[in-house]
Amino acid sequence: MTRFLNILIFILIITFFAACSTDKKEPKNKNQLIFASTKDIRDINPHLYRGEMAAQNMVFESLVINTEEGIKPWLAKSWDISKDGKNYTFHLRDNIFFSDGTAFTAEVVKKNFDAVMENRIRHSWMELINEINYTEVIDPYTFKINLKNAYYPTLIELSLTRPFRFISPNCFKNNKTKDGVNCYIGTGPWILKEHKKNNYTLFEENKNYWNIKPKITSVKWRVIPDHQSLIFALEKGEIDLIFGSDGDMIDLNVFTMLEKNKKYSTILSNPIASRTIVINTNREITKDIKVREALEYAIDKKSIVSGILNGTEKIADTLFSKNIPYSNIPLSIKEYETKKANEILEKDGWILNKETKIREKDNKQLHIKLYYNAKNAQEKIISEYIQSNLKDIGIKLSIIGEEKQTFLDRQRSGDFDLVYSLSWGAPYDPQSYISSWRALSHSDYQAQLGLAKKEWLDNQIKAILLETNEKNRERMYYEIFKYIHDQYVYIPLSYSRTKAVFNPNLKGVTFNISQYEIPFEKFYFEE
């Protein structure tokens, strides 16, 4: 009923603003796209992780890019790989300049790599960091990376939004970037012109850009923290675009309503990442594998997908969908079956207290806690539904929404029973994502600490990333995916999709491979 009332209130408010749409508006700059985000861009130093990746992608570029057809040249026009797979020689384009006029040369590439490598521990989630032995300037436009071992995801990880992107050496502080930078100067299609913290950022086209120039001259990144205010701004014509993944901008209920309203254009990406609940195997109650198994049967994913996600996403039976590399493998499926969940708990000694309706064992209640990001429009609703599912089998679930930084700190500390999570999607899944399972700062690592074979798992991940034989690699991926699946570390819910809602006059709206990037340079307004 609460959800219905919320929707009804939302419709009434939208109707009110529609009625007010005759209000006089300021003339709009036809060549400026106004994008609204719930978050400020913050520090977009490409060698750190404090800023919004979509903004970093506008200004800073990489040696190669990831496309639907695979890795393609970008700032490097070509490359050679040695027969033993340990040496990558990149031939740079010779017509590239940073927007401050600095030439993009092999010397500059090495300075950027050195700056990244000086902060090696911070980037240790990415195995490439550990595999780089040293780098070399061969000539002004030839740069070489020497690895300790053959590492098959090298080009993929060089294409990511961070940390291997290039910033002008004039922005370095004492020849470093790990302690901050003096400016944000890149080679990309956009120049950061003005930043009013928590208010707006203005990006202007880079008129000397080496590649195809943007079709619009500027992007204004407005910060509107409240989700409803975001929609109202769209309705009033104050913004042109809302774009994001997994409810960080807009939930699927509102998206569906806007989709039916012909005033807007809407698009959804292909399924791109895995929406899951991570179960901590290192906590008093959830270390019990039978409790984790019962949870797998207790959550009604079909209703979540059809009732909360409006049928726009596909039910996830496994951590990764079968279209993810190395993931098309046979794994057992756990479907919603409360009878089965009850039987598992009963057999495990968790007996239902008929007065409290909560199961107990050894004088302890079956009470666990699920944490989520309170600013996420989607996670709260899903968490509430899971709470009702678990109540049906005698599990008391407390759901706690937290400010994002607190939520992230909790993941790093491991202070959770269950935590809402989203995999990183293409091009990170599976190699970079599983590599991060070994990093102390990630919820996955903390959640896996109670596994009997955690040490084997970490060693196996490193071995996979260095394995050069494709058949062996397939077998090794199967072994770790089956182990994680059979240990019930993750409850897969659905495969998420990125959403965009925009002014119908805005054309060319599309998605990049990565859910964290927005290809503003491809967007334009119809005359």
ask   = Scanning for something surrounded by fewer than 16 Cβ atoms within 10 Å (Cβ to Cβ) and not assigned by the TED database to the domain that holds residue 384, does the range 492-506 turn up at least one residue?
value = yes
query = Based on what the data block shows, is residue 466 within 18 Å of residue 127 (Cβ to Cβ), open to solvent by 40 Å² or more (accessible area, probe 1.4 Å), out of contact with any helix residue (DSSP H, G or I) (no Cβ under 6 Å at 6 or more places or on another chain) and touching a residue at least 12 places away in the same chain (Cβ under 8 Å)?
reply = yes
request  = Test each condition in (1) more than 18 Å from the chain's Cα centre (by Cα); (2) touching a residue at least 40 places away in the same chain (Cβ under 8 Å) for residue 430 and report the one that comes out false.
outcome  = (1)
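Matching residues to (1) of a type in the set (D, E, K, R); (2) at pLDDT 95 or above; (3) within 25 Å of the chain's Cα centre (by Cα):
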residue: 183; (1), (2), (3): no, yes, no
residue: 186; (1), (2), (3): no, yes, yes
residue: 189; (1), (2), (3): no, yes, yes
residue: 197; (1), (2), (3): yes, yes, yes
residue: 211; (1), (2), (3): no, yes, no
residue: 220; (1), (2), (3): yes, yes, yes
request  = State all residues of the range 160-218 that are of a type in the set (A, V, I, L, M) and loosely packed, with under 14 Cβ neighbours inside 10 Å; if no residue qualifies, say none.
outcome  = 212
remark   = Only one of (1) open to solvent by 50 Å² or more (accessible area, probe 1.4 Å); (2) at pLDDT 95 or above does not apply to residue 44, and that is (1)
query = Somewhere in the range 415-431, is a residue at positive phi and surrounded by fewer than 16 Cβ atoms within 10 Å (Cβ to Cβ)?
reply = no
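The values are calculated or read from the model by the stated rules, or taken from the named source; none is laboratory data. Every value quoted in this text rests on a predicted model; they were computed, and no experiment measured them. Please note: Cβ atoms are built from the backbone with ideal geometry, for glycine as well, and neighbour counts cover all protein chains shown. For accessibility, only protein heavy atoms count, side chains too; no ligands or nucleic acids. Shrake-Rupley method; radii C 1.70, N 1.55, O 1.52, S 1.80 Å.
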